1. Confirm whether residue 407 is in contact (Cβ under 8 Å) with a residue 12 or more places away in the chain, surrounded by 22 or more Cβ atoms within 10 Å (Cβ to Cβ) and out of contact with any strand residue (DSSP E or B) (no Cβ under 7 Å at 6 or more places or on another chain).
2. Considering every residue within region 118-127, establish whether at least one is within 16 Å of the ligand (Cβ to nearest atom), under 30 Å from residue 356 (Cα atoms) and β-branched (Val, Ile, Thr).
3. Take the residues of region 106-122 that are touching a Phe, Trp or Tyr at 6+ places or on another chain (Cβ under 6 Å) and not in a strand (DSSP E or B): which is farthest from residue 82 (Cα to Cα)?
4. Suppose the filter is farther than 27 Å from residue 101 by Cβ and not aliphatic (A, V, I, L, M); does residue 398 pass it?
5. Name the residues in region 528-543 that are under 14 Å from residue 516 (Cα atoms) and assigned to a loop (DSSP other than H, G, I, E, B), would you?
6. Scan 314, 352, 357 and give me the residue that is surrounded by fewer than 17 Cβ atoms within 10 Å (Cβ to Cβ) and not in a loop (DSSP other than H, G, I, E, B).
7. In region 261-295, how many residues are hydrophobic (A, V, I, L, M, F, W, C), assigned to a helix (DSSP H, G or I) and either touching a strand residue (DSSP E or B) at 6+ places or on another chain (Cβ under 8 Å) or over 21 Å from residue 130 (Cα atoms) (or both)?
8. Of the residues that make up region 76-99, is at least one on the phi > 0 side of the Ramachandran plot, in a loop (DSSP other than H, G, I, E, B), within 16 Å of the ligand (Cβ to nearest atom) and at pLDDT 95 or above?
Amino acid sequence: MAQKLAFRPFRSIQCQILRQAQVRRTFLFALQAGSPLVRSLFASLTLLIVATAAPVAAAQKVQMSIDVSKPGAKIDRNIFGQFAEHLGHGVYEGIWVGSDSKIPNTRGIRNDVVAALKALKVPDVRWPGGCFADEYHWRKGIGPQRTVTLNPNWGGVIEPNTFGTHEFLDFLDQIGAEAYLSVNVGSGTPQEAAEWLEYLTTAQPTTLAKERAANGHPAPYKVAFLGIGNESWDCGGNMTPDYYLSQLKIYSRFVRNFNPAQQDKQQMLKIAVGPGGGESRWTEWTEAIMKAYQSHTWSWDMNGLSMHSYTVVKWPPSYASVGFGEKEYAQILKSTMEMNDLIAKHSAIMDKYDPEKKIALVVDEWGGWYAPLPGSTPGFLVQQNSLRDAILAALNLNIFAQHADRVRMANIAQMINVLQAMILTDKEKMVLTPTYYVYKMYVPFQDATFVPVTFDAGTFTHDGITLPRIDAIAGKDKAGKLWLAITNVDPNQPAEIEVSLAGINAKSASGETLTAPKVDSVNTFDVPNTVVPKPVSAKAQDGKLTLELAPKSVTVIAVEQ
Ligand code: AHR
């Protein structure tokens with residue numbers, strides 16, 4: 001509609017305005033003549049004009065109730081994990097600029113990016129891939145002489161290997177996150193991976209430990225998570241479940257973590273390759289791995305099963321990341337909400353073989369995957385990040401929290417400059433995306449205890465696509481404070497929320513809300529503050545909180561008692 005108007009000849013619009021002015025003048029004249037009938041007709045018409053010209057959407061009322069005395073599982077902070085692959089400008093330029101760069105950096109790592117990520121309290125970062133991991137050979141990325149190789153998966157560009165093991169762990173140290181290393185099962189060997197872990201973690205004076213010390217790090221590193229392969233059913237080697245299982249058993253047995261601090265407590269968790277969708281091919285994969293796990297012997301083990309699921313609607317990714325309307329907004333959000341059923345489906349299989357839920361479902365690649373930005377290198381997966389992505393992120397984080405007993409880790413793809421990123425950079429410039437702000441607002445949910453919220457979400461329909469109007473989660477942090485995150489998915493209607501609280505005497509509530517003028521509003525290097533959180537507060541009275549949510553918004557509030 002907006003587009004059609006833009007192309008209408010200016011002259012015809014001018015004529016219409018003139019005609020409207022004439023009609024108004026005729027009515028004004030009659031009104032001055034004083035007839036009550038004419039006056040009332042005029043009043044009704046004015047109302048009609050006002051209503052058509054500026055529709056004021058009535059707030060939809062939603063009742064919520066929260067009983068703080070009925071806490072659920074812990075919302076593991078690792079569901080807020082990140083993923084940084086050697087892909088496009090994700091690592092080179094996004095994180096690494098080199099110590100001789102004019103861009104302010106610490107040992108080659110950009111200071112602006114580090115400062116921004118510190119505010120997110122990033123729990124862990126998955127690295128070096130992705131598909132890249134199954135072609136990565138760690139030795140090429142250590143020491144004073146780096147081997148220059150290629151990155152055949154992502155544009156066939158030069159891989160200088162200047163950002164290697166030590167640089168990655170320095171980066172993690174600077175942002176305060178833990179390492180999630182993905183080892184090369186596709187084109188590497190168990191020996192290569194085992195030596196990498198020995199190099200990283202042993203405190204004993206082995207030749208590899210001495211080499212690590214010579215390269216600047218005498219103390220053993222901590223490796224919190226080990227991914228054994230990546231998408232081994234596809235880019236990781238196109239393996240059958242049985243073939244992959246034989247690899248998993250070998251890698252799980254021989255790729256050891258020797259760090260003395262990780263022997264009893266804080267043991268490294270091993271994550272096996274899991275499904276990439278909901279079709280039978282994937283349910284069979286989950287069945288095979290979980291069945292094997294059920295009867296595993298002392299000689300191998302696993303602690304997590306990975307799952308990859310992008311919001312793409314159809315492959316190849318063709319939805320625009322900016323310059324779209326409410327139809328595409330509804331289509332993408334409808335598609336992203338399938339994450340809930342996907343988790344439920346694979347959790348049900350896992351429950352059969354692991355009713356005690358020892359194995360975590362690790363959604364270590366997820367997010368919106370759209371068409372590459374026009375003019376960008378297609379293999380670099382460059383896209384903008386809009387208010388729609390903020391809503392998408394909130395809906396998925398809520399789903400993970402709602403499955404907190406099984407989903408204990410997730411890694412959004414990807415951290416910087418690639419797919420649904422937190423941060424975009426262009427040389428010395430940096431901008432924080434709407435998704436970044438959702439992660440920042442959700443920090444209080446890291447390791448909070450899930451508290452169930454009951455409500456009737458209602459629905460809205462756009463172009464035949466029906467979506468829940470509202471989504472919400474609540475959590476109690478370690479200090480006992482209650483936090484509430486509510487998303488108003490409806491792009492046009494505000495929502496009036498009334499929350500009844502049991503087990504807590506609420507005195508006030510305040511926090512932040514994230515919205516923007518349009519569903520595809522974005523932050524750019526030139527205009528970086530279009531989608532940024534603003535303060536919001538709720539009224540507290542008689543054990544109830546009331547607050548109004550803007551359309552298409554994400555709100556997080558803390559309840560004070
Ligand atoms: O995140 C981009 C790619 O998507 C990863 O490398 C791969 O694991 C997945 O297919």
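The values are calculated or read from the model by the stated rules, or taken from the named source; none is laboratory data. None of these values were measured; they are calculated from a predicted model. Every residue, glycine among them, receives a Cβ derived from its backbone with ideal geometry; neighbour counts consider all protein chains shown.
1. On the way: in contact (Cβ under 8 Å) with a residue 12 or more places away in the chain: yes; surrounded by 22 or more Cβ atoms within 10 Å (Cβ to Cβ): yes; out of contact with any strand residue (DSSP E or B) (no Cβ under 7 Å at 6 or more places or on another chain): no.
So residue 407 fails the test.
2. Yes; the residues of region 118-127 include at least one that is within 16 Å of the ligand (Cβ to nearest atom), under 30 Å from residue 356 (Cα atoms) and β-branched (Val, Ile, Thr).
3. Narrowing region 106-122 to residues touching a Phe, Trp or Tyr at 6+ places or on another chain (Cβ under 6 Å): 108-109, 120.
Next, only the ones that are not in a strand (DSSP E or B) stay: 108, 120.
On the way: 108: 20, 120: 10 Å.
The residue in question is 108.
4. Working: farther than 27 Å from residue 101 by Cβ: yes; not aliphatic (A, V, I, L, M): yes.
Answer is yes for this residue.
5. The answer is 528, 529, 530, 531, 532, 533.
6. On the way: 314 fails: not in a loop (DSSP other than H, G, I, E, B); 357 fails: not in a loop (DSSP other than H, G, I, E, B).
Checking each option against the conditions leaves just 352.
7. Here is the first cut: in region 261-295, the ones hydrophobic (A, V, I, L, M, F, W, C) are 261, 268-269, 271-273, 282, 285, 288-290, 292.
Next cut, assigned to a helix (DSSP H, G or I) only: 261, 282, 285, 288-290, 292.
From what is left, the residues that are either touching a strand residue (DSSP E or B) at 6+ places or on another chain (Cβ under 8 Å) or over 21 Å from residue 130 (Cα atoms) (or both) are 261, 288-290, 292.
Count: 5.
8. Residues of region 76-99 on the phi > 0 side of the Ramachandran plot: 88, 93, 98.
Add one more test, that the residue is in a loop (DSSP other than H, G, I, E, B), and what stays is 88, 93, 98.
Filter once more, keeping what is within 16 Å of the ligand (Cβ to nearest atom): 88.
Within this subset, residues satisfying the condition of being at pLDDT 95 or above are 88.
Yes, there is a match, as at least one residue in region 76-99 is on the phi > 0 side of the Ramachandran plot, in a loop (DSSP other than H, G, I, E, B), within 16 Å of the ligand (Cβ to nearest atom) and at pLDDT 95 or above.
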